[in-house]
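*Asks:* So that we are looking at the same thing, I have put the structure below in structure tokens.
The values are calculated or read from the model by the stated rules, or taken from the named source; none is laboratory data. Worth saying up front: this structure is predicted, and the values here are computed from it rather than measured. Cβ sites come from the backbone with ideal geometry, for glycine too, and all protein chains shown count toward neighbours. Accessible surface areas use protein heavy atoms only, side chains included; no ligands, DNA or RNA. Shrake-Rupley method; radii C 1.70, N 1.55, O 1.52, S 1.80 Å.
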Amino acid sequence: MQPFIVKLNGPASGRGAFDWRADKAFFEQFDNPDILDADVAVQAKVADHGATVEVQCSIEGRVTVPCDRCLDDLDLEVRTGFEEVYTPEADELDLSQDIYDYICTALPLQRVHPEGECNPETIKYLSK
């Protein structure tokens, strides 16, 4: 799994920009069977103010999920982001959970192919 960790002490601390990728292995770490594949770019800008750390994160890419109607693979675009102020308790800040949560909440509740693009064999059985 790509670590989404920001070191807060040492030569790389303070301000910084980070580029990460969230892929299938990232979602497997969270035991999410609904995400079949992913290619999501995560860009974070971090400002360490000592007692607090300000993070601006941009998330963009695609995830593959099963279609709710036909169960075939469905690619969905993901475009979201967040701005948070953290009060870290250690010398590093792990953003994995927040990145995971924002990607999952950016997905639509109903995940279906556009009209006419579902697996025709499955649709035959559903229309009986």
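*Asks:* Place a point 7 Å from Cα of residue 119 in the direction of its Cβ. Which residues in segment 72-112 have their backbone N less than 18 Å from it?
*Replies:* 72-76, 111-112
*Asks:* According to a simple spin-label model (label point 7 Å from Cα along Cα-to-Cβ), what is the distance in nm between residue 83 and residue 7?
*Replies:* In this crude spin-label approximation the distance works out to 2.9 nm.
*Asks:* No solvent, one uniform scatterer per C-alpha: report log10 I(q)/I(0) for the chain via the Debye equation at q = 0.15, 0.18 1/Å, two decimals.
*Replies:* Here log10 of I(q) over I(0) equals -0.73, -0.93.
*Asks:* Please list 69, 111 in order of solvent-accessible area, largest first, computed with a 1.4 Å probe with all protein chains present.
*Replies:* Order by accessible area, largest first: 69, 111.
*Asks:* Which angle from 0 to 90°, rounded to the nearest 10, does the C-alpha axis of helix 96-106 make with the longest principal axis of the chain?
*Replies:* Tilt of helix 96-106: around 40 degrees.
*Asks:* In square angstrom, what is the accessible area per residue of segment 34-128 with a 1.4 angstrom probe?
*Replies:* Heavy-atom SASA per residue in segment 34-128 reads 60 Å².
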